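The structure appears below as structure tokens.
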Amino acid sequence: MPRRHSWRRLALLLACASCLSAQPDVKTAFNLGLAYVKSGRYADALPLLESSLANPALAIQARFLIGVSHYELNQFPQAADELEPLRSNPEYAERILFFLEETYRKSGKGPAAEQAFSDLLRQYPNSALVHKLLATAHQAQGNDQQALAEFKKAAQTDPALPDVKFSIALLYLKQHDDVEARKWLRDELALNPCYAPALYYLGETDRWADRSQAAADSYRKAILCTPSYGEPYLALGIALQGQGKDAEALRALRRAVELLPGKSEAHFQLARALAKTGLAEQSRRELRKARALAAKQ
């Protein structure tokens, strides 16, 4: 009996030790999920954050980040399911109402979107997120100057708000003001050095100014930050062709076509690269694809 009792006690001790050691593992998973969200790897973040829901101390923040991840992945019903229960949470309410407004608007639920915006405006009239939503509305209606003014108010109200400086940069690019655009792109990258779209457009401004090496460096950074983002591969391939680096350009353009199969420019540039490396039949095949896609568009 004493022996059986000691084994039972040992099993209980081991079970308790396992429970204690599991707690840091949950926190580690949460921290890794949070890092993935910050770097834009939302699909990778989801399973880690979902495993954090079992920890009461992390559950609310994890649920908020899960909702944001679904939103960024365009999974709007799932985003609404996660965010709605947090609507009245004082810590997250302002951001929740913003994401709910965008979630419902993008999923075609107009009345729900209007209600979320009305609640946000009533509860947080001076919110940077209100200015951001107003800017987006102006932009959708083609009122670029009003959009620019509202985005700048958002940036002034909350200098750390993501995407706002990038949106300002895009509006300046639309006006062909590359100098001002580069300033805002760099400001966005100061907040998030691995924001791939900002890196890509920074590279574009360098390419347009014939700074080929600087452009290629920005494209490579964008690819490292978001390997599934197709545009930097295409731009890098074009830049490398201009530098006479045909073999490297071919690799980049093959990947661009994999990620952007419906983009005629990607097939056209790949056709050029294949021709330069002596792969004539493959080049003709890609050129036919490029022409067919261009005709369809």
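The values are calculated or read from the model by the stated rules, or taken from the named source; none is laboratory data. Worth saying up front: this structure is predicted, and the values here are computed from it rather than measured. Cβ coordinates were reconstructed from backbone atoms using ideal geometry, including for glycine residues, and neighbour counts include every protein chain displayed. Side chains included, ligands, DNA and RNA excluded: accessible areas come from the protein's heavy atoms. Shrake-Rupley method; radii C 1.70, N 1.55, O 1.52, S 1.80 Å.
What is the extension gain from Leu121 to Ser212, computed as 0.36 nm multiplied by their sequence separation minus the C-alpha to C-alpha distance, in nm to one decimal?
28.2 nm
Just to make sure I understand: if all protein chains stay in place, what is the order of Leu161, Leu185, Leu191 by accessible area at 1.4 Å, largest first?
From most accessible down to least: Leu191, Leu161, Leu185.
I need to check one value: relative contact order of the chain, counting alpha carbon pairs closer than 8 Å and at least 6 residues apart, in percent.
7 percent
Suppose R0 equals 51 Å; then what is the FRET efficiency for Ala295 and Arg87 from their Cβ-Cβ distance, rounded to the nearest 0.05?
So, using R0 = 51 Å, E works out to roughly 0.60.
Given labels modelled 7 Å from the Cα in the Cβ direction, how far is it in nm from Glu265 to Cys194?
2.7 nm
If I fit a long axis through the Cα atoms of helix 196-208 and take the longest principal axis of the Cα atoms of the chain, what angle between them do I get, 0 to 90°, rounded to 10?
Here the helix axis deviates by roughly 20 degrees.
On a 31 Å Cα-Cα criterion, which of the cross-link pairs Lys153/Lys263; Lys27/Lys183; Lys27/Lys152; Lys38/Lys152 come out too long?
Lys153/Lys263; Lys27/Lys183; Lys27/Lys152
Output the peptides 115-121, 274-280 sorted from most to least packed, where packing is the average of other Cβ atoms within 10 Å over each peptide's residues.
Top of the packing list down: 115-121, 274-280.
What's the extension gain from Leu32 to Lys183 if we count 0.36 nm per residue and subtract their Cα-Cα distance?
51.2 nm
Mind jotting down the three principal axis lengths of the chain based on Cα atoms? Whole angstrom, largest first.
Sorted from largest, the Cα extents of the chain read 83, 57, 35 Å.
Using a 7 Å offset from the Cα along the Cα-to-Cβ direction at both Thr157 and His176, what is the distance between the two label points in nm, to one decimal?
3.4 nm
With all protein chains present, calculate the accessible area of Arg207 using a 1.4 Å probe and round the result to the nearest 10 Å².
80 Å²
Excluding Lys296 itself, what net charge comes from residues whose Cβ is under 14 Å from its Cβ, given Lys and Arg +1 and Asp and Glu -1?
So the environment of Lys296 carries a net charge of +3.
Relative to the longest principal axis of the C-alpha atoms of the chain, give the angle of the C-alpha long axis of helix 93-106, reported between 0 and 90° and rounded to the nearest 10°.
It is inclined by approximately 50 degrees.
Compute the Cα gyration tensor for the stretch 205-261, then decide on rounded, prolate or oblate, letting a ≥ b ≥ c be the square roots of its eigenvalues: rounded whenever a/c is under 1.5, prolate when a/b is larger than b/c in the other cases, and oblate in all that remain.
Oblate shape, in that a/c is at least 1.5 and b/c is the bigger or equal ratio.
As I understand it, the value is the acute angle between the Cα axis of helix 164-174 and the longest principal axis of the Cα atoms of the chain; what does it come to in degrees, rounded to 10?
Relative to the chain, helix 164-174 is tipped by roughly 10 degrees.
About the Cα centre of the chain, what is the dipole size in debye to 20, counting +1 per Lys and Arg Cβ and -1 per Asp and Glu Cβ, all else neutral?
So the magnitude is around 1100 debye.
Semi-axes, largest first, in whole Å: what does sqrt of 5 times each Cα gyration tensor eigenvalue give for the stretch 45-88?
For the stretch 45-88, the semi-axes come out at 17, 13, 6 Å.
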